[in-house]
Amino acid sequence: MTSPSNKAIGWSSRWTFIMAATGSAVGLGNIWKFPYVAGENGGGAFVLLYIFCIAIIGLPVLISEIIIGRNAKSNPTDAMLKAARQSDVSRGWAGIGIMGAVTGILILSFYSVVGGWILDYLAISAQGFFSNNDSISIIAHFEQGLLSNPNTQFLWFSVFILMSVGVVAAGVVNGVGVAVRIMMPTLAVLLVVLLIYCVQEGAFNQAFAFVFNADFSKLTSNSVLEALGHAMFSVSVGMGAIMAYGAYMPDNASIGKTAVTVALFDTIVSLACALIVFSLVFDNGIEPSAGPQLMFISIPIAFSQMTGGTIFAVIFFALVLIAAWSSAISLLESSVAWIDAHTRFGRVAATFAIGAISWTGGIACIYVGGIFDGLDFLTSNILLPIGALLIAIFTGWKLKRKIAKTQLADLSFGQFNTWYGILRVFTPLCIFAVFIYGLWDIFF
Ligand code: PHE
């Protein structure tokens, strides 16, 4: 059998990888979830904790995933298998790849449901629904028009899945590569436009104080678990999405610099989104702890009360759509690449098959109560932390050090050992401690 690496394809520039990985990282997690989780956990102190989790856990694991992916130039399961073989350790470690592929399919199921809501909101924004509308109709649209109306959700959700399947089916270079090179610069421009608006017109100072003033008394054990789970979800580590993209990264690109860039972009976008969201809601006297409805009720109410609301609503929901879409495509890549390498169906059929499984999962989320929240909890708070823990242990303790050194050849002695030391000791200990502590607290 030809090894998958024999037909390796790749991106010719480091920037395509950066944009694809940033596209994966920046998503609903940054725009929809981060502001409300930070709001519910008191703001500044949570933000600090979150940044700590990105630096100590997210970044070291991000680097590990790229190393393993690029070392093998194949899908995560085969990449883990190759790394295990090269390091003379059990092939069972390839299970990380399989678990990651399954996690990706599960995340995509509920993620696309929210993607569908965004499409609905983009459509009604464009029709002027948020121009001078009253709060009662806006609340009614979300609660009755959407949440209690599974058929509408089903329609938009199916469109979202098809959009994601379309890009991935078109291939790594012509599909994912081209898409992210268009989407990411557009996302940056939209973000800057909204930020400028909020600095000029919104309650920016109040938002700034909320996001950056740390009040540690607001933190609970649950905040710690949330910060950890969300940090991993946000930089897309723990399920092989970045490992899958790592396979397409050019050999001469620096993994260290690239990973730092991606983690930094992701954090900057989260902070910028929190500032935008809170500037808008504070300006309208809405509580920051409004929860998941922040984006679908509070922000739209803010739009409907300002001049040019329609334009800003369209810009905002287009931004969210791009972010969600570029993340969804990365959730498909790891399983699609595996099927493509091991069957004769080819990439297009593989993408449709995986899309169909997530589509079924999404239908369950829409029509059966409890599944949506269950999948969200299971993936962010259990599967991603376990995946990240195993990747850290594998790369830190099992993978031949020479492989990591070769992939990180441009790092100085000090830089390499800082990463290696953190990855071997701090990352696993932190994940393990927070994970056990948080679960204990929830279940006992
Ligand atoms: N990072 C994405 C977000 O913030 C979600 C995601 C998680 C994407 C894991 C891929 C893998 O929305």
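The values are calculated or read from the model by the stated rules, or taken from the named source; none is laboratory data. Computed from a predicted model, the values in this text were never measured in an experiment. Cβ atoms come from the backbone with ideal geometry, glycine included; neighbour counts cover every protein chain shown. Surface areas here come from the heavy atoms of the whole protein model, side chains and all, with no ligands, DNA or RNA. Shrake-Rupley method; radii C 1.70, N 1.55, O 1.52, S 1.80 Å.
Closer than 26 Å to residue 422 by Cα, in contact (Cβ under 8 Å) with a residue 12 or more places away in the chain, within 16 Å of the ligand (Cβ to nearest atom) and open to solvent by 40 Å² or more (accessible area, probe 1.4 Å): does that describe residue 51? The answer is yes for residue 51. Within the range 155-170, the presence of at least one residue that is open to solvent by less than 60 Å² (accessible area, probe 1.4 Å), farther than 26 Å from residue 369 by Cα and part of a loop (DSSP other than H, G, I, E, B) is confirmed. Screening residue 32 on (1) away from the ligand (no atom under 12 Å from the Cβ); (2) over 14 Å from residue 391 (Cα atoms); (3) open to solvent by 20 Å² or more (accessible area, probe 1.4 Å) shows it passes everything except condition (1). Return yes or no: is residue 300 modelled with pLDDT under 95 and in contact with a Gly (Cβ under 7 Å, 6 or more places away or on another chain)? No: the conditions fail for residue 300. Residues in the range 99-124 that are of a type in the set (Val, Ile, Thr), farther than 13 Å from residue 331 by Cα and more than 10 Å from the ligand (Cβ to nearest atom) were compared, and the one that is most open to solvent (accessible area, probe 1.4 Å) is 124.
Considering 125, 112, the condition of being modelled with pLDDT of 95 or more and either of a type outside the set (S, T, N, Q) or under 20 Å from the mean Cα position of the chain (by Cα) (or both) is satisfied by 112 alone. Residues of the range 323-348 that are β-branched (Val, Ile, Thr) and within 16 Å of the ligand (Cβ to nearest atom): 329, 336.
In a residue-by-residue description of the range 354-361, the property of being more than 16 Å from the ligand (Cβ to nearest atom), under 24 Å from residue 121 (Cβ atoms) and open to solvent by 40 Å² or more (accessible area, probe 1.4 Å) applies to at least one position. Counting only helices (runs of 4 or more DSSP H) that sit wholly inside the range 197-297, those with at least 1 residues that are open to solvent by less than 10 Å² (accessible area, probe 1.4 Å) and over 24 Å from residue 330 (Cβ atoms) are 204-212, 221-234, 255-283.
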